[in-house]
Amino acid sequence: MIASLTLPTTLATRSAMVTLRRATAVDLDALITLMSDDSISAARGDRADATDAPAYEAALVAVTTDPSNDILVAVDDKDVVVATLQLTRIPGLARRGATRLLIEAVRVSSSQRSNGIGSAIMRWVTDTAAPAVGARLVQLTSDEARKDAHRFYERLGFVGSHRGFKFSVN
């Protein structure tokens, strides 16, 4: 948990208000569903399968107990999880010792996309969370196949400045 983030907070979207708060074990089923709520994630093996619940539960505990990490959920007025993201605070030597705030695993429920939820969350990250954790740079990665997501991030002012690489260990 990144202690310097003040949560929960209410965010205005195009159609309603959502509450952004830290994820808890109660949110696990909704998080698993969000992780598999698109074809790219499903093809990668992120699926809503009860047999995977222990792995997701262990990951949620590991992230939420790490002082440099947070998993957040956005909930509607009925406390239904409609979006999630992970934030990681990364101190570094580059850029004169700049701290970065890394955004990962951004998901908005397919039934809620284009309602302004993602924009509201990302504005909160850049305008509120980044200064709160002392970050001078907000960065994210996005699968190369997510062309719609790339256009979305660019509309918000993010610049595709680097090429990422991954190495699968197992």
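Annotations
Table: residues versus (1) without any contact (Cβ under 8 Å) to a residue 60 or more places away in the chain; (2) closer than 24 Å to residue 16 by Cα; (3) not β-branched (Val, Ile, Thr).
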| residue | (1), (2), (3) |
| --- | --- |
| 86 | yes, yes, yes |
| 91 | yes, no, yes |
| 122 | yes, yes, yes |
| 125 | yes, yes, no |
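- Listed conditions (1) in contact with a helix residue (DSSP H, G or I) (Cβ under 8 Å, 6 or more places away or on another chain); (2) without any contact (Cβ under 8 Å) to a residue 40 or more places away in the chain are all met by residue 63, apart from (1).
Coordinate-derived values only; no laboratory data. These numbers come from a predicted model, not from an experiment. No Cβ is skipped: glycine too gets one built from the backbone with ideal geometry, and neighbour counts run over all protein chains shown.
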